[in-house]
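**Student:** Take this structure first; my questions come after.
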Amino acid sequence: MPPLFLRIFTAAALGGTLLCSPVLAYERSGDQSFSGGYLAGRSATKLRDNELASGYFSEALKADADNPQLVEKVFLLELSAGSMASAEEYATRVLGFNSQQRMARIVLGLRDFRSRHYEDARRNFQAAAYTPVGELTSALLSAWAHAGEGELNLALKALDRLYLLQ
């Protein structure tokens, strides 16, 4: 009987191969189907490769463009990969079917802040404030939006809301 470490190594290598096989099969086949992209995206997600998973799920979206779960999944993957321009586009789509998606509101609020559309930014931040974490985030980001307009008294007033959250 082989030593224990050899059996563990063999099992780990075989398991890794099996986990990667749907992704590799999809890459080799050139399959552009919904199911192929979806399954490859799930496998890439399990491997914690968000950028690869996002690409596969985006391919699946070409076959089912109005799938809300898939749109939201790609939005979150793009956001986690740091692809802000793409995340902003998907955030807009997410809000089309889920107006209370907190991260989509924050992403669009930050886009508005960056563009110096401070009122729109505050509106998005406020819409994200329906949970305790959302209230905290909203108060901080709204204060920055007021500061961006040079309204320091309003910025401090927005920060005062943090004391009420305790």
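**Student:** Straight-line reach from K62: which aspartates and glutamates have a Cα under 14 Å away, not including same-chain ones fewer than 8 places off?
**Tutor:** Within the straight-line cut-off, K62 pairs with D31.
**Student:** Same structure, new question: Separation between the E51 and F34 pseudo-spin-labels, each 7 Å from Cα along Cα→Cβ, expressed in nm?
**Tutor:** With each label point 7 Å from Cα toward Cβ, the separation is 2.9 nm.
**Student:** Within 10 Å, count the other beta carbons around each residue, average over each peptide in 36-48, 127-139, and list them highest first.
**Tutor:** Values: 36-48: 19.2, 127-139: 16.9.
Highest mean packing first, the order is 36-48, 127-139.
**Student:** Could you calculate the FRET efficiency of L140 with Q69 from 1/(1 + (r/R0)^6), where r is the beta carbon distance between them and R0 is 35 Å, rounded to 0.05? All intermediate terms of the calculation are to be shown ahead of the outcome.
**Tutor:** Details: r = 30 Å, r/R0 = 0.86.
E between L140 and Q69, to the nearest 0.05, is 0.70.
**Student:** Note the full-extension length gain between A147 and D120 as 0.36 nm times their separation in residues minus their Cα-Cα distance, in nm to one decimal. Please report the intermediate quantities before stating the final value.
**Tutor:** On the way: separation 27, 0.36 × 27 = 9.72 nm, distance 1.44 nm.
Length gained between A147 and D120: 8.3 nm.
**Student:** Subtracting the Cα-Cα distance from 0.36 nm times the residue separation, let me have the gained length for T92 to T131 in nm, one decimal.
**Tutor:** Numbers: separation 39, 0.36 × 39 = 14.04 nm, distance 2.09 nm.
Working it through step by step, the gained length comes to 12.0 nm.
FYI, it's all coordinate maths here, none of it is from the lab. Note that the structure is a prediction, hence the values are computed from the model and not measured. For neighbour counting, all protein chains shown are included, and Cβ atoms are generated from backbone atoms with ideal geometry for every residue, glycine included.
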